1. Restricting to segment 15-45, name every residue that is within 16 Å of residue 77 (Cα to Cα) and over 11 Å from the mean Cα position of the chain (by Cα).
2. Check off (1) under 22 Å from residue 12 (Cα atoms); (2) without any contact (Cβ under 8 Å) to a residue 12 or more places away in the chain; (3) surrounded by 12 or more Cβ atoms within 10 Å (Cβ to Cβ) for residue 70 and give me the number that stays unchecked.
3. Can you find, within segment 73-82, the residue that is surrounded by the fewest Cβ atoms within 10 Å (Cβ to Cβ) among those that are more than 14 Å from the chain's Cα centre (by Cα) and free of Cβ contacts under 8 Å to residues at least 12 places away in the same chain?
4. Can you pull out the residues in segment 30-41 that are closer than 16 Å to residue 14 by Cβ and either part of a helix (DSSP H, G or I) or out of contact with any helix residue (DSSP H, G or I) (no Cβ under 6 Å at 6 or more places or on another chain) (or both)?
5. Regarding residue 51, is this residue under 10 Å from the mean Cα position of the chain (by Cα) and under 14 Å from residue 76 (Cβ atoms)?
6. Do you know which of the residues in segment 42-77 that are in contact with a strand residue (DSSP E or B) (Cβ under 9 Å, 6 or more places away or on another chain), more than 12 Å from residue 30 (Cβ to Cβ) and assigned to a loop (DSSP other than H, G, I, E, B) is modelled with the lowest pLDDT?
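The values are calculated or read from the model by the stated rules, or taken from the named source; none is laboratory data. Note that the structure is predicted; figures quoted are calculated from it, not measured. Every residue, glycine among them, receives a Cβ derived from its backbone with ideal geometry; neighbour counts consider all protein chains shown.
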């Protein structure tokens, strides 16, 4: 599977491609969204919630902008497990 980094999330078929290759799980290593605004998290969550495999996330600096930490925690659980 190839990925064009200039393709918008709204036009790239994340669900179709992830579900087609059937990995054991998916890891997103931070910066899930460019800023922590609720509408950006909503779009991201609507996309990844259709994955047929577990998604594991880490928190990036962009995710906590615009008071995004509470939204991240609500959707994905504790930000830090140490």
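1. 36, 38
2. (1)
3. Checked segment 73-82; the qualifying residue surrounded by the fewest Cβ atoms within 10 Å (Cβ to Cβ) is 82.
4. Result: 40, 41.
5. No: the conditions fail for residue 51.
6. If we take residues in segment 42-77 being in contact with a strand residue (DSSP E or B) (Cβ under 9 Å, 6 or more places away or on another chain), more than 12 Å from residue 30 (Cβ to Cβ) and assigned to a loop (DSSP other than H, G, I, E, B), then 77 is modelled with the lowest pLDDT.
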